[in-house]
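The values are calculated or read from the model by the stated rules, or taken from the named source; none is laboratory data. No experiment lies behind these values; they were computed from the predicted model shown. All Cβ positions, even for glycine, are placed from backbone atoms using ideal geometry, and neighbour counts span all protein chains on display. Accessible surface areas use protein heavy atoms only, side chains included; no ligands, DNA or RNA. Shrake-Rupley method; radii C 1.70, N 1.55, O 1.52, S 1.80 Å.
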Amino acid sequence: MRRLVAGMAVLALAAAGAGCGSSGGGDAPTTADGVAQVKVGVIPIVDVAPIYLGQQKGFFKSRNIELTMESGQGGAAIVPGVVSGQFQFGFSNVTSLLIAQTKNVPIKVVANGVASTGEAGKDFGGVVVRKDSPITKAADLAGKKIAVNTLKNIGDTTVRESVRKAGGDPSAISFVEMPFPNMPAAVEGGQVEAAWVVEPSLSAVTAAGGRVVAWNYVDAAPDLTVAAYFASSKLIGENPDLVKRFTEAMNESLAYADAHPDEVRAVLGSYTKIDAKVREGLTLPKWPTAINKPSVETLAKLGATDGIFGGATPDLAKILP
Amino acid sequence: MTAAERGAPRTALLGLSGLAGLLLLVEVLPRAGIVSDSYLPPASRILAALGREAATGPFWVAVGDTLLAWAIGLAIAVVAGVTVGIVIGAVPVLRALTASTVEFLRPIPSVALIPLAVLLYGSDLGSTLLLVVYAAFWQVLVQVLYGVADVDPVAADTARSFRFSSWGRIRYVLWPTALPYVFTGVRLAASVALVLAVTTELVIGAPGLGAVIAVAQTSGAIPTMYALIVVTGLLGVTINVAARATERHFLSWHQSVRGEASA
């Protein structure tokens, strides 16, 4: 109720034309028996299966953490949610975190998130075309119209790298922003000539006869670290013990998920609506506990080459643990 | 029985056959291969998915969350809109002072406030309420302002010459004149509030039907996604029918409902 009043007060101030305000949320509330109630901002996709699995297995409870997953549609809600203290932890792709770092957003990675399988032909994301497309290899993507979920982010930088490595000219690609779920229809309907998709949209495209012409994660760096869990610098400074317990529980969850693909496929049914048959056939990503630093350096370098940091250089020491 | 009531069954029948036609179209188009059935499944498959959803607990929790956000948001917007509207409307200086500010703030799309909402409330009910109230408030306020401006000057002067108190003038002159406008405002606000509740849930993942639609989208569960969209449509129709019924009930004395020609 207090927050509601605060919100209305902000509106009232705005209505009076007198600026704005903001309130910073604080630490995770702790119950009498010392259990920290932790909110984690996640995107409800395959990538975050370990945290749901870890919750089910009690890896967080055994460390006195009670998890609530808050699902956002993407970084739009998660990064500001973590910074303002609404969420204690968040999940985001590495390039978004690097962009945030160049803008001095006070956040830091606390655990690995998800990694590419590192195998062309068997990764969880790739560039697809419709079955009768004249595009057959990565070099053919030069000069084409390609859909990515967010412009100036991990999708377009890694796709450019695929094209560059195949000897094509990446500067002439025109990228179009489009949510992943819309891409299979857009590829089939010919609105775009290719699309960078991840599971389960990747399975949807290949099931309809579409072909993968580039494995952009694999091409960008060996065993690319794609995303990570992060916290605000404030929480890390004020409650290092909670962060340490979260990191431990997360690492246990990642290792467990990596070793139990069948349980991963099962837990997907609890927080997504992916069809059971599709779940069976999905290509799962890798969930190593260690962040692959050289691959993060590569993403930083690619981002700088493509000019997505606005001229700044991300300071990896400040964002990585 | 008034003319309006006699026409009601016929209108309802026409409305239903329109809906049946739409269902038939959605059934035939994908089956005939005019649109791909992977992206627009036939109506029968959407309805089957709806049946499966309706049998699950989380679905009803989501419907409840959406309706709760809608009801609380609408209530706040109506109370605030009516109070502010009458105060501003009754005091000419205030009205002149705020007119341009209202016109400036009113067209700001509620969704533009999403970053502010996330900062204040994360992806909780509070975020939904902030956006719902912002959008619905203006609908009510502007109608109330029109209503107050519509007061017959002769009636207002008469009340003043009979030395009615301010409260008496509001109660017996201003309020009855403004009431039909208030109800129009509430009816508009009720629809807008639902749209904004679902949108907020869809975009920032606040609990409710919108969040479930987002999960269905990212999961590629297309029939389920359409089934949930149908549910939001049904909620919208229900809310509109209820709002109209309430309006007719409370304004049964008013010429707009009695259906008589004005003198």
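Tell me yes or no: at least one residue of the range A:287-301 is in a helix (DSSP H, G or I), in the same structural domain as A:F59 (by the TED database) and more than 30 Å from A:A138 (Cβ to Cβ).
no
Has the range B:82-89 got at least one residue that is under 26 Å from B:A190 (Cα atoms), open to solvent by 60 Å² or more (accessible area, probe 1.4 Å) and within 21 Å of the chain's Cα centre (by Cα)?
yes
So, A:G237, is that one modelled with pLDDT under 90 and either farther than 30 Å from B:P30 by Cα or within 14 Å of chain B (Cβ to nearest Cβ) (or both) or not?
No.
Please go through (1) open to solvent by less than 60 Å² (accessible area, probe 1.4 Å); (2) within 11 Å of another protein chain (Cβ to nearest Cβ); (3) closer than 30 Å to A:G41 by Cα for B:L141 and return the number of the only condition it doesn't satisfy.
(3)
What strands (runs of 3 or more DSSP E) lie completely within the range A:111-178 and have 2 or more residues being more than 18 Å from A:V218 (Cβ to Cβ)?
Those strands (runs of 3 or more DSSP E) span A:145-148, A:174-177.
Does at least one position in the range A:256-272 carry a residue that is in contact with a strand residue (DSSP E or B) (Cβ under 9 Å, 6 or more places away or on another chain) and farther than 26 Å from B:A214 by Cβ?
Yes, there is a match, as at least one residue in the range A:256-272 is in contact with a strand residue (DSSP E or B) (Cβ under 9 Å, 6 or more places away or on another chain) and farther than 26 Å from B:A214 by Cβ.
Among the numbered criteria (1) more than 12 Å from chain B (Cβ to nearest Cβ); (2) over 18 Å from A:I308 (Cα atoms); (3) in contact with a strand residue (DSSP E or B) (Cβ under 8 Å, 6 or more places away or on another chain); (4) not aromatic (F, W, Y), which single criterion is violated by A:T150?
(2)
Please tell me if A:N104 is surrounded by fewer than 23 Cβ atoms within 10 Å (Cβ to Cβ), polar (S, T, N, Q) and free of Cβ contacts under 8 Å to residues at least 12 places away in the same chain.
Criteria met by A:N104.
Residue-wise test of (1) charged (D, E, K, R); (2) within 26 Å of A:N104 (Cβ to Cβ); (3) out of contact with any Asp or Glu (no Cβ under 7 Å at 6 or more places or on another chain).
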residue	(1), (2), (3)
A:E252	yes, no, yes
A:H260	no, no, yes
A:G269	no, no, yes
A:N292	no, yes, no
A:P321	no, yes, yes
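For the range B:72-81, how many residues meet the condition of being among the hydrophobic types (A, V, I, L, M, F, W, C) and open to solvent by less than 40 Å² (accessible area, probe 1.4 Å)?
Here the count works out to 4.
If I go through the range B:98-133 residue by residue, how many of them are closer than 17 Å to B:L194 by Cβ, in contact (Cβ under 8 Å) with a residue 40 or more places away in the chain and within 7 Å of another protein chain (Cβ to nearest Cβ)?
Result for the range B:98-133: 1.
Looking only at the range B:109-121, decide whether some residue is over 30 Å from A:P44 (Cα atoms) and open to solvent by 60 Å² or more (accessible area, probe 1.4 Å).
no
Each row is one residue, and each column tells you yes or no for (1) surrounded by fewer than 16 Cβ atoms within 10 Å (Cβ to Cβ); (2) modelled with pLDDT of 90 or more; (3) under 24 Å from B:L202 (Cβ atoms).
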| residue | (1), (2), (3) |
| --- | --- |
| B:L22 | yes, no, yes |
| B:I34 | yes, no, no |
| B:L40 | no, no, yes |
| B:A43 | no, no, yes |
| B:E53 | no, no, yes |
| B:A62 | no, yes, yes |
| B:D65 | no, yes, yes |
| B:W70 | no, yes, yes |
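Check the range B:214-230 and report whether any residue there is touching a residue at least 60 places away in the same chain (Cβ under 8 Å), away from chain A (no Cβ under 14 Å) and surrounded by fewer than 20 Cβ atoms within 10 Å (Cβ to Cβ).
Looking for residues that are touching a residue at least 60 places away in the same chain (Cβ under 8 Å), away from chain A (no Cβ under 14 Å) and surrounded by fewer than 20 Cβ atoms within 10 Å (Cβ to Cβ), one finds at least one in the range B:214-230, hence yes.
Given the criterion surrounded by fewer than 24 Cβ atoms within 10 Å (Cβ to Cβ), touching a residue at least 24 places away in the same chain (Cβ under 8 Å), polar (S, T, N, Q) and outside the structural domain of A:M250 (by the TED database), identify the matching residue among A:S96, A:S84, A:S133.
Unique residue meeting the criteria: A:S133.
Look at the range A:55-66 and say how many of its residues are open to solvent by less than 20 Å² (accessible area, probe 1.4 Å) and in a strand (DSSP E or B).
Residues meeting the conditions: 1.
Can you name the residue in the range A:183-209 that is in contact (Cβ under 8 Å) with a residue 24 or more places away in the chain and hydroxyl-bearing (S, T, Y) and is also least open to solvent (accessible area, probe 1.4 Å) among such residues?
A:S203
Taking into account only those residues within the range A:137-147 that are farther than 9 Å from A:I173 by Cα and in contact with a strand residue (DSSP E or B) (Cβ under 8 Å, 6 or more places away or on another chain), which is most open to solvent (accessible area, probe 1.4 Å)?
Among them, the one singled out is A:K137.
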